[in-house]
There are 2 protein chains.
Amino acid sequence: MNLLLLSNSTLPGEAYLGWCREHFARFLGPSKRIAFVPFAAGTTRIDAYTPRTQARSPGVGHELFSLHTEQDKVKALATAQAVLIGGGNSFQLLRMLYGTELMRAIRVRVMGGLPYMGWSAGSNVACPTIMTTNDMPITEVPTLRAMGLVPFQINPHYTEATIPGQGGESRDQRIAEFLEVNRKAVVAGLREGTLLHVEGEKLTVEGRGMRVFRHGREAKDIAGGVELRTSLMDA
Amino acid sequence: MNLLLLSNSTLPGEAYLGWCREHFARFLGPSKRIAFVPFAAGTTRIDAYTPRTQARSPGVGHELFSLHTEQDKVKALATAQAVLIGGGNSFQLLRMLYGTELMRAIRVRVMGGLPYMGWSAGSNVACPTIMTTNDMPITEVPTLRAMGLVPFQINPHYTEATIPGQGGESRDQRIAEFLEVNRKAVVAGLREGTLLHVEGEKLTVEGRGMRVFRHGREAKDIAGGVELRTSLMDA
């Protein structure tokens, strides 16, 4: 398997898909036909999502096509040389993936070697479940289970910061609540401007770094540039 | 129906159940036997939740008992003169309410006049769905539908503030995403230190105030002290 899992698309004050441009280009290599999955965008934004992303196409000669507008989505996926899942709302994305049979089809192809890229919600669905999303549950989903391409959970946009003078749980408290109910899970809190490159058993952290959470253990910071075994992030 | 729906239990720097003490006392009147629902607390905190809340018991002579420790929860509820649903994680709470048959039993009794008090997750479950919770989906739920005691959605801990330098959606963006998918819904964003008192067709806003969101319309601020018809908050 070959996965590029990003925390986020855009850093505050920077261009859309700016910080990750070089990473995408290196990951993809020369010209590829990329199936783009825009389902995480709301209904009014979904049509603009593909051209907006195509315009920021990573590297030279890549061609993005939207699975959203394909009649036979599973057949269209078969022609792709890579798949890219955009961020937005994880519940919306998961619902559409199940509703279109792409959940299984993408999983099968990626297990067979198709390069997979995703950010935010697009990284959440590569995990065993979307239980560590930050998104509002704006729509029903058949289950919170997702593709399970990696054995751990990702919390995108991870930060220990909170809004001053505001109650409600911090991100760390939310992740602790998740681990209390799911004690064998491992959570990778990916700071904005961070990605994981999973290549078979090798997992490389790139960018600002991540914080790893396990039940009953102290959280551990791992800096960008560090290479791990994927199995170390297993339950 | 007689409902007291709070945004939150605790204001930063103040005591647990401090700001709402007077409101609870006025709502409850003299000594009542109150069924407390602590399910929204994580498994390790659930046992301490009832004594902690009893210690802050609103007003004189009230007796709190936990439905959590009752063998026959539905029968125990029948002996209560009020029900109080504590905050925590809305998914956890909803799952337990369905798993114990309290979802239906509480709804029936409250529709019949039993006073209902809740904060945060305990306010979310009084709404048609928990789709406007801020909580992480740490556990599967059979559905996002909830009690529907009021015709509108509550977003507790509402704030327009964001974490400086942090991407990801603002609360307003999240609510807009919800409304895009659920276009007939009305969302009451309850600022911390705000509650709604619903008494039949009368709805009173108390405290810091709320912001009301509808699809395609500008959000509207409503101050504490304002009285509305509940039907004005209907879809």
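The values are calculated or read from the model by the stated rules, or taken from the named source; none is laboratory data. Treat the numbers as computed from the prediction; the structure is a model and nothing was measured. Cβ coordinates were reconstructed from backbone atoms using ideal geometry, including for glycine residues, and neighbour counts include every protein chain displayed. Remember, those area values only see protein heavy atoms, side chains included, never the ligands or the DNA or RNA. Shrake-Rupley method; radii C 1.70, N 1.55, O 1.52, S 1.80 Å.
Selection of region B:122-148 for residues being more than 8 Å from chain A (Cβ to nearest Cβ), in contact (Cβ under 8 Å) with a residue 40 or more places away in the chain, part of a loop (DSSP other than H, G, I, E, B) and open to solvent by less than 10 Å² (accessible area, probe 1.4 Å) yields B:125, B:126, B:147. Condition first: within 14 Å of chain B (Cβ to nearest Cβ) and free of Cβ contacts under 8 Å to residues at least 60 places away in the same chain. Can you find one or more residues in region A:63-86 that meet it? Within region A:63-86, not a single residue is within 14 Å of chain B (Cβ to nearest Cβ) and free of Cβ contacts under 8 Å to residues at least 60 places away in the same chain. On inspection, residue A:35 does not qualify as open to solvent by 60 Å² or more (accessible area, probe 1.4 Å), modelled with pLDDT of 90 or more and in contact with a helix residue (DSSP H, G or I) (Cβ under 8 Å, 6 or more places away or on another chain). The set of residues from region B:172-212 being more than 18 Å from the chain's Cα centre (by Cα) and within 26 Å of residue A:10 (Cβ to Cβ) comprises B:172, B:173, B:174, B:176, B:177, B:178, B:179, B:180, B:181.
In region B:1-11, the residue that is surrounded by the fewest Cβ atoms within 10 Å (Cβ to Cβ) out of those that are at the interface with chain A (Cβ under 10 Å from one of its Cβ atoms), touching a residue at least 40 places away in the same chain (Cβ under 8 Å) and of a type outside the set (A, V, I, L, M) is B:9. One residue stands out among those in region B:93-102 that are open to solvent by less than 20 Å² (accessible area, probe 1.4 Å) and within 14 Å of chain A (Cβ to nearest Cβ): the one that is farthest from residue B:16 (Cα to Cα), which is B:94.
Between A:208, A:214, A:229, which is under 29 Å from residue B:174 (Cα atoms), touching a residue at least 24 places away in the same chain (Cβ under 8 Å) and open to solvent by 40 Å² or more (accessible area, probe 1.4 Å)?
Values: A:208 fails: touching a residue at least 24 places away in the same chain (Cβ under 8 Å); A:229 fails: under 29 Å from residue B:174 (Cα atoms).
None of the others qualify; the one that does is A:214.
The single condition among (1) surrounded by fewer than 16 Cβ atoms within 10 Å (Cβ to Cβ); (2) touching a residue at least 24 places away in the same chain (Cβ under 8 Å); (3) not acidic (Asp, Glu) that residue B:54 does not satisfy is (2). Considering B:140, B:63, B:70, B:101, the condition of being of a type in the set (D, E, K, R) and within 30 Å of residue A:154 (Cβ to Cβ) is satisfied by B:140 alone. Contact map, region A:95-111: residues that are free of Cβ contacts under 8 Å to residues at least 60 places away in the same chain paired with residues that are open to solvent by 80 Å² or more (accessible area, probe 1.4 Å), Cβ distance under 6 Å, separation 6+ or inter-chain. Pairs shown: A:98/A:142. Out of region A:103-121, which residues are buried (at least 24 other Cβ atoms within 10 Å of the Cβ) and more than 14 Å from chain B (Cβ to nearest Cβ)? Listed by number, the residues that qualify are A:106, A:116, A:117, A:118.
The condition of being in contact with a strand residue (DSSP E or B) (Cβ under 9 Å, 6 or more places away or on another chain), within 27 Å of residue A:144 (Cβ to Cβ) and surrounded by fewer than 18 Cβ atoms within 10 Å (Cβ to Cβ) holds for only one of B:234, B:172, B:221, that being B:172. Note on region A:57-83: among residues that are within 19 Å of residue A:121 (Cβ to Cβ) and of a type in the set (A, V, I, L, M, F, W, C), the one that is most open to solvent (accessible area, probe 1.4 Å) is A:64. A Cβ distance below 8 Å, combined with a sequence gap of six or more or placement on separate chains, defines the contacts here; from region A:157-186, residues that are facing chain B (nearest Cβ under 8 Å) and of a type in the set (A, V, I, L, M) reach residues that are open to solvent by less than 40 Å² (accessible area, probe 1.4 Å) and in a helix (DSSP H, G or I) in the pairs A:181/B:92.
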